Amino acid sequence: MSRRARLCVLAAGLLATAALLVAAVLRVPSFGGPWHPYGDRAVEAALRRNTANTVSAVNFDQRAFDTLGEESILFASVLGTVVLLRRTEDERTSEPRPVSVPATMRRYGIAALPVTLLVGLYVIAHGQLSPGGGFQGGVVVATAFHLLYVAIDYPALKRVRAVGLYEIGDALGEAAYVLTGVGGLLAGAAYLANVLPYGTFNTLASGGTVPLLNAAVGVEVASAVVVLLARFLSQALEIEGGRE
Amino acid sequence: MTVLPYLVAAWIFLVGVYGLATSRDLVHAVGCLAVAQSSTYVLLLSVGYRHGGTAPVFSDVKPGVTVVDPVVQALALTDVVVGATVTALLLALVVQTAKRFGTTDPDELFALRG
């Protein structure tokens, strides 16, 4: 099909979709209205289980099984990327050389690393109380290590980051989530049911299994981001040659 | 205009699909897919908004205060995570395509080769 003909088909499709979307939008409940039946019930359920952050309660308590599916998508994507970005037979690896960076930048990077790491762990640990949780905090933790690459150079990052360990961490995070779910079965309830004591409202020990699942997700997401970035960085900086 | 946020979401989606269909570079196509997907964030958060509502986190507000819908916020969180990792997987595929075929123009990748 010529480019022109394809554009005509595309225009027809886009216009029809646009018409359907506008027709649909005109009949949905109005923006900002008071009618949120699911939201109201989710808030009630979260407060009954002493979880201050309702979003975490939805993700790790009411919809914990869906989050398991989501975690598995994350796990499968990382696995796929690792397989796709491995070094093939006809490629060589080269050691990237250290580069010279201004001393101020180096100092700033080293000073920012522990702070960022602490913020990430705080966000994971307080997922049941304040905005955040395993997904958000995991990304912050992974970012902390990569400050070394941004502020210093690639060899500095490689010294603190053994990719093999993070690959294991990724699998352990996923396994911890699955096994926490089995805990529900052993207690005589449903899979991934919140069977632990709900604790005191608005303290670290609240929400039953929510903090445990948050920690599992935090480990998995931090490891996954480290592994993903490691694969892309090694493609860009270490692997050369191959079929062209 | 009470339907404006929904129309914005529809517009972002259509722009993303247009870019995806007319793309001449696979990296650009992955970017367009991310744009099309980000329309779902706008749609979800528009559905969940409530006038005068605050964040659905009760560590510093009293239970009973008007809050926005937490269910769609949880869905948007899911959406962001899955979107980011699937984008990474697609970019890995693009890297391999560029290595095997020496091009990232989808129009030049018309046949399957072993």
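The values are calculated or read from the model by the stated rules, or taken from the named source; none is laboratory data. Please read all numbers here as calculations on a predicted model, not as lab measurements. Every residue, glycine as well, gets a Cβ built from its backbone with ideal geometry; the counts of neighbours run over all protein chains shown.
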Test: residue in region A:6-23 that is more than 9 Å from chain B (Cβ to nearest Cβ) and among the hydroxyl-bearing types (Ser, Thr, Tyr): no
Residue list for region A:92-148, filter: of a type in the set (Val, Ile, Thr) and in a loop (DSSP other than H, G, I, E, B): A:Val99, A:Val101
Residue in region A:81-100 that is under 25 Å from B:Gly83 (Cβ atoms) and touching an Asp or Glu at 6+ places or on another chain (Cβ under 9 Å) present: yes
Residue within region A:14-33 that is polar (S, T, N, Q), part of a helix (DSSP H, G or I) and over 22 Å from A:Val195 (Cβ atoms) present: yes
Tally, over region A:59-91, of residues that are part of a helix (DSSP H, G or I), more than 7 Å from chain B (Cβ to nearest Cβ) and among the hydroxyl-bearing types (Ser, Thr, Tyr): 2
Considering residues of region A:211-240 that are more than 29 Å from A:Gln62 (Cβ to Cβ) and of a type in the set (Asp, Glu) only, the residue surrounded by the most Cβ atoms within 10 Å (Cβ to Cβ): A:Glu238
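For region A:173-181, does any single residue satisfy the condition of being closer than 30 Å to A:Glu238 by Cα and either in contact with a His (Cβ under 8 Å, 6 or more places away or on another chain) or in a helix (DSSP H, G or I) (or both)?
Yes, region A:173-181 contains at least one residue that is closer than 30 Å to A:Glu238 by Cα and either in contact with a His (Cβ under 8 Å, 6 or more places away or on another chain) or in a helix (DSSP H, G or I) (or both).
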Cross-chain or 6+ apart pairs with Cβ under 6 Å, region A:181-206 first and touching a residue at least 60 places away in the same chain (Cβ under 8 Å), then surrounded by 15 or more Cβ atoms within 10 Å (Cβ to Cβ) and of a type in the set (A, V, I, L, M): A:Gly181/A:Leu192; A:Leu192/A:Ala64; A:Asn202/A:Ala52
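Let's see how each residue does on (1) in contact (Cβ under 8 Å) with a residue 12 or more places away in the chain; (2) surrounded by 19 or more Cβ atoms within 10 Å (Cβ to Cβ); (3) within 12 Å of the chain's Cα centre (by Cα):
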{"position": "B:Leu7", "(1), (2), (3)": "no, no, no"}
{"position": "B:Phe13", "(1), (2), (3)": "yes, yes, yes"}
{"position": "B:Gly16", "(1), (2), (3)": "yes, yes, yes"}
{"position": "B:Thr22", "(1), (2), (3)": "no, no, no"}
{"position": "B:His28", "(1), (2), (3)": "no, no, no"}
{"position": "B:Val35", "(1), (2), (3)": "yes, no, yes"}
Failed condition for A:Ser56, given (1) in a loop (DSSP other than H, G, I, E, B); (2) in contact (Cβ under 8 Å) with a residue 12 or more places away in the chain: (1)
Number of the condition not met by B:Phe101 [criteria: (1) buried (at least 16 other Cβ atoms within 10 Å of the Cβ); (2) in contact (Cβ under 8 Å) with a residue 12 or more places away in the chain; (3) more than 28 Å from B:Ala55 (Cα to Cα)]: (1)
Among residues of region A:111-144, those that are β-branched (Val, Ile, Thr), over 22 Å from B:Ala55 (Cα atoms) and within 14 Å of another protein chain (Cβ to nearest Cβ), counted: 1
Residue that is modelled with the highest pLDDT [pool: residues in region B:61-114 that are at the interface with chain A (Cβ under 7 Å from one of its Cβ atoms) and part of a loop (DSSP other than H, G, I, E, B)]: B:Asp69
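Against the condition on the phi > 0 side of the Ramachandran plot and crowded, with 18+ Cβ neighbours inside 10 Å, how does A:Gly173 come out, does it pass?
No: the conditions fail for A:Gly173.
Can you confirm whether A:Ala144 is touching a Pro at 6+ places or on another chain (Cβ under 9 Å), among the small types (Gly, Ala, Ser) and at pLDDT 90 or above?
Yes; evaluated as a whole, the condition is true for this residue.
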In region A:186-200, residue surrounded by the fewest Cβ atoms within 10 Å (Cβ to Cβ) [restricted to those that are closer than 30 Å to B:Val61 by Cα and in contact with a Leu (Cβ under 8 Å, 6 or more places away or on another chain)]: A:Leu196
